[in-house]
Ligand SMILES: Cc1cc2nc3c(=O)[nH]c(=O)nc-3n(C[C@H](O)[C@H](O)[C@H](O)COP(=O)(O)OP(=O)(O)OC[C@H]3O[C@@H](n4cnc5c(N)ncnc54)[C@H](O)[C@@H]3O)c2cc1C
């Protein structure tokens, strides 16, 4: 039966001391993807597990301000803007003429609500006890949970720290959550700005820039780095920038922002650049990195020292320098994805309780949910060139695929990189509709050490985007 409990005592004056009831095999801090999977994995091994999560944030950043709301927002934009349909019905086509923030948030709220219920139910079914409040270490094996209702003291044999991150702020950037906001505040905006400055062209900055651009907002993207998405295939990035420019996005790359402010007289926000330029807009999204939440855990009590941005250093088993304390998810840094966080959390628990496991290197897929979507797995051309590894490529353009045409995506493409002698697949890079879904076909072949002959010799459903693998394999093999 359900055992999800919220055991923080009801009155602030009462303190629950650690007794046998409050002793756990594993205590997990944070209920985001890493924390959830660490907890459930240990519970399935019949361990007594507690998760500590702040009030009203079960599911973590992933469910409340990150992956789920931003990706639902994106789906709502794609649907309501009719962007995909414009290939057929003309550039002016939109399903809804005046799209409001409420139209977009409505869908995000619905999905978030359901996700929270799913997570609660999974924890309950697996008999994981959830404490609502702020966790901090008191000593090596003792943790305090505090909330406005009171305190509880828990004892743990092991700990998994999965406390995640928050948007990095700068004291000089006057974030007010209305005209100048961070990625946590996008969904609280009351109305869509007509023009948006985005500071930071990392994944989050680029994703939101493309979503607002798809809504017809005039977006200017600023970043001090001269290139974006360095880990992606260069041709894919070029295509992304080209398609975003077609949506009216202006890029100012290699430009350092020295100050941001609000000009009350003109009712405009501005960003001043080191080069002397000033960019004006109706609103500004500040998306310059994230800061780990480890500073709130009183790590001094256990002698664990994070790095400058609060990240925790772990080994390949997600174990910190303190042997009974593990860390997983965004708090340990790159790649800081929900997908990898889940697996890290699960593997941390596996290691604690003696079940070996690891994430195979070079087989992690990356999904960048810009409009258009990007996904990749394996090596890039630039990595192979740097390492002096010969390769051949094969390309399938969505415009040549019946399904690509049906979906109205005539810009997308899939690139296979393979060894010209052994024909072994080395990498898959896709930009276009459903890239993050179909990349997994390539991931499976890569993981199993397969060759591009597999794609050549396999019958794919028709019409599908998956067929791109066959077209690209034939293209590549014809070059040999
Ligand atoms: C805008 C945005 C879009 C994203 N899109 C994607 C995407 O499309 N795909 C993808 O894979 N990833 C995406 N990510 C990244 C993804 O959300 C994170 O990688 C993932 O949420 C990290 O999981 P986590 O378990 O490490 O931590 P989190 O999800 O950050 O959860 C940590 C939890 O710990 C709790 N906590 C922290 N300190 C304490 C404490 N002292 N006491 C109690 N509780 C505490 C917090 O309240 C929080 O709920 C996105 C992120 C953002 C911001």
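The values are calculated or read from the model by the stated rules, or taken from the named source; none is laboratory data. Every value quoted in this text rests on a predicted model; they were computed, and no experiment measured them. Backbone-built Cβ (ideal geometry, glycine too); neighbour counts: all protein chains shown.
Any residue in segment 371-381 that is away from the ligand (no atom under 14 Å from the Cβ), at pLDDT 95 or above and either more than 22 Å from residue 229 (Cβ to Cβ) or surrounded by fewer than 20 Cβ atoms within 10 Å (Cβ to Cβ) (or both)? Checked segment 371-381: at least one residue is away from the ligand (no atom under 14 Å from the Cβ), at pLDDT 95 or above and either more than 22 Å from residue 229 (Cβ to Cβ) or surrounded by fewer than 20 Cβ atoms within 10 Å (Cβ to Cβ) (or both).
Between 105, 99, the distinction of being touching a helix residue (DSSP H, G or I) at 6+ places or on another chain (Cβ under 8 Å) and either within 15 Å of the ligand (Cβ to nearest atom) or in a helix (DSSP H, G or I) (or both) belongs to 105 only. In the set (1) closer than 30 Å to residue 385 by Cα; (2) within 24 Å of the chain's Cα centre (by Cα); (3) buried (at least 18 other Cβ atoms within 10 Å of the Cβ), residue 238 fails one condition alone, (3). Taken over segment 37-58, residues that are near the ligand (Cβ under 7 Å from one of its atoms) and touching a residue at least 60 places away in the same chain (Cβ under 8 Å) amount to 3. Restricting attention to segment 48-63, and to residues there that are in contact with a helix residue (DSSP H, G or I) (Cβ under 7 Å, 6 or more places away or on another chain) and part of a helix (DSSP H, G or I), which single residue is surrounded by the most Cβ atoms within 10 Å (Cβ to Cβ)? Result: 60. Screening residue 425 against (1) touching a helix residue (DSSP H, G or I) at 6+ places or on another chain (Cβ under 8 Å); (2) in contact (Cβ under 8 Å) with a residue 12 or more places away in the chain; (3) surrounded by fewer than 24 Cβ atoms within 10 Å (Cβ to Cβ); (4) over 27 Å from residue 249 (Cα atoms) leaves a single unmet condition, (3). Residue 335 meets the conditions (1) near the ligand (Cβ under 9 Å from one of its atoms); (2) assigned to a helix (DSSP H, G or I) in every case but one. The failed one is (2).
Among the residues of segment 170-179, is any within 16 Å of the ligand (Cβ to nearest atom), at pLDDT 95 or above and within 30 Å of residue 380 (Cβ to Cβ)? No, because not a single residue in segment 170-179 is within 16 Å of the ligand (Cβ to nearest atom), at pLDDT 95 or above and within 30 Å of residue 380 (Cβ to Cβ). The number of residues in segment 144-167 that are within 11 Å of the ligand (Cβ to nearest atom) and farther than 30 Å from residue 351 by Cβ comes to 2. The residue that is nearest to the chain's Cα centre (by Cα), among those in segment 411-458 that are assigned to a helix (DSSP H, G or I) and under 13 Å from residue 372 (Cα atoms), is 436. Looking at segment 17-36, which of the residues that are in a loop (DSSP other than H, G, I, E, B), over 30 Å from residue 111 (Cβ atoms) and touching a residue at least 60 places away in the same chain (Cβ under 8 Å) is farthest from the ligand (Cβ to nearest atom)? Checked segment 17-36; the qualifying residue farthest from the ligand (Cβ to nearest atom) is 17. Taking the criterion of being away from the ligand (no atom under 15 Å from the Cβ) and assigned to a strand (DSSP E or B), the only residue of segment 124-143 that qualifies is 139.
Going by the structure shown, is residue 80 buried (at least 17 other Cβ atoms within 10 Å of the Cβ) and either free of Cβ contacts under 8 Å to residues at least 40 places away in the same chain or more than 16 Å from the ligand (Cβ to nearest atom) (or both)? Yes; evaluated as a whole, the condition is true for this residue.
Could you please let me know if residue 313 is part of a loop (DSSP other than H, G, I, E, B), at negative phi and in contact (Cβ under 8 Å) with a residue 60 or more places away in the chain? No.
Residue-wise test of (1) free of Cβ contacts under 8 Å to residues at least 40 places away in the same chain; (2) buried (at least 20 other Cβ atoms within 10 Å of the Cβ); (3) over 23 Å from the mean Cα position of the chain (by Cα).
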position	(1), (2), (3)
285	no, yes, no
296	no, no, no
299	no, yes, yes
309	no, no, no
319	yes, no, no
